[in-house]
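Engineer: Let me begin by handing over the structure; questions about it come next.
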Amino acid sequence: MTHKAPTMMDIIGDILSRLVSLALFLVIGLLALVAFIGRTDLHVAVCGLLAIVCGIIGTILVRLLFNGIARLGGLTSCSKD
């Protein structure tokens, strides 16, 4: 039952991870908003809500993709002992 206290690098890594997720959400959401407004005749509020949903789902999918690639890279890396 030993509890390891987080180091400063762990805290900085968590903060940077959340900032990257936020930036990714903003980029995907804004691109979706522009696409919805330009290509549909929906009300702006509906387009905004759809863009928020697309931003959340897109961010989750991209993070899962990056984690999968990192995990795959860890499985196939050759370690020379």
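The values are calculated or read from the model by the stated rules, or taken from the named source; none is laboratory data. A quick note: this is a predicted structure, and the numbers were derived from the prediction, not measured. Each accessible area value is taken on the protein alone, full model and side chains, heavy atoms only, with ligands, DNA and RNA left out. Shrake-Rupley method; radii C 1.70, N 1.55, O 1.52, S 1.80 Å.
Engineer: Counting only protein heavy atoms and a 1.4 Å probe, tell me what percentage of the chain's accessible area is made up of carbon and sulfur.
Structural biologist: Its accessible area is 74 percent carbon and sulfur atoms.
Engineer: So how exposed is residue 40, as accessible area in Å² (1.4 Å probe, rounded to 10)?
Structural biologist: That residue has around 50 Å² of solvent-accessible surface.
Engineer: Show me the three semi-axes of the equivalent ellipsoid for the chain, from the C-alpha gyration tensor (sqrt of 5 times each eigenvalue), largest first, rounded to whole Å.
Structural biologist: They are 36, 18, 9 Å, listed largest first.
Engineer: What angle, in degrees between 0 and 90 and rounded to the nearest 10, separates the Cα long axis of helix 44-76 from the longest principal axis of the Cα atoms of the chain?
Structural biologist: 20
Engineer: Tilt of helix 8-39 relative to the longest C-alpha principal axis of the chain, in degrees (0 to 90, nearest 10)?
Structural biologist: Result, in degrees: 20.
Engineer: Can you give me the accessible area per residue for the chain, using a 1.4 Å probe, in Å²?
Structural biologist: That works out to 86 Å² per residue.
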